[in-house]
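Report on the structure given below.
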Amino acid sequence: MNYIARRLSEENIGDDVELLQREILTPETLERFDRLYQEISGKEPFVDEEERDVDLINVLNYALFRRRRDSKVAEAGARDVLVHRFRTNPPAS
């Protein structure tokens, strides 16, 4: 939670939940992250209790980057992060 609070503070969002939902963690962004995650890991995000914190960090970073850059650039970055993550720590079957 400290990491998430720091990232939101860096983006001048703080605890503005409405802004977070309306502009950052939009349904489209969450859906695209979900598809990327499943494509790379073969599993849905947020279902593995031990991995939820990492999934949350990954989706937040993707969403924040997508807010500032083209969605294709943000997707490429998220893809690289997820590929590296699952190569070094494959999901349990």
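The values are calculated or read from the model by the stated rules, or taken from the named source; none is laboratory data. Treat the numbers as computed from the prediction; the structure is a model and nothing was measured. For neighbour counting, all protein chains shown are included, and Cβ atoms are generated from backbone atoms with ideal geometry for every residue, glycine included.
Let me confirm something: among 79, 85, 67, which residue is part of a helix (DSSP H, G or I) and at pLDDT below 90? I'd like the intermediate steps shown before the answer.
Values: 79 fails: at pLDDT below 90; 85 fails: at pLDDT below 90.
Just one listed residue meets the conditions, 67.
Conditions tested, residue by residue: (1) of a type in the set (Phe, Trp, Tyr); (2) in contact with a Lys or Arg (Cβ under 9 Å, 6 or more places away or on another chain).
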| residue | (1), (2) |
| --- | --- |
| 10 | no, no |
| 13 | no, yes |
| 24 | no, yes |
| 41 | no, yes |
| 46 | yes, yes |
| 49 | no, no |
| 67 | no, no |
| 75 | no, yes |
> When you scan segment 36-81, how many residues do you find that are in contact (Cβ under 8 Å) with a residue 24 or more places away in the chain and at negative phi?
Replying inline: 23
>> Going residue by residue through segment 55-64, is there one that turns out to be exposed (fewer than 13 other Cβ atoms within 10 Å of the Cβ) and of a type in the set (A, V, I, L, M, F, W, C)?
In response: no
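Using the structure shown, decide if residue 23 is touching a helix residue (DSSP H, G or I) at 6+ places or on another chain (Cβ under 9 Å), charged (D, E, K, R) and within 21 Å of residue 84 (Cα to Cα).
Values: touching a helix residue (DSSP H, G or I) at 6+ places or on another chain (Cβ under 9 Å): yes; charged (D, E, K, R): yes; within 21 Å of residue 84 (Cα to Cα): no.
So residue 23 fails the test.
Considering only segment 23-41, I want to know if a residue exists there that is closer than 24 Å to residue 89 by Cα and assigned to a loop (DSSP other than H, G, I, E, B). Break it down stepwise before answering.
Just the residues of segment 23-41 that are closer than 24 Å to residue 89 by Cα, to begin with: 30-41.
Keeping just the survivors that are assigned to a loop (DSSP other than H, G, I, E, B) gives none.
Scanning segment 23-41 turns up no residue that is closer than 24 Å to residue 89 by Cα and assigned to a loop (DSSP other than H, G, I, E, B).
If the requirement is being surrounded by 12 or more Cβ atoms within 10 Å (Cβ to Cβ), of a type outside the set (D, E, K, R) and not in a helix (DSSP H, G or I), which of these qualifies: 45, 90?
45
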>> What's the total number of residues in segment 11-20 that are free of Cβ contacts under 8 Å to residues at least 40 places away in the same chain and either surrounded by 13 or more Cβ atoms within 10 Å (Cβ to Cβ) or under 14 Å from residue 66 (Cα atoms) (or both)?
In response: 4
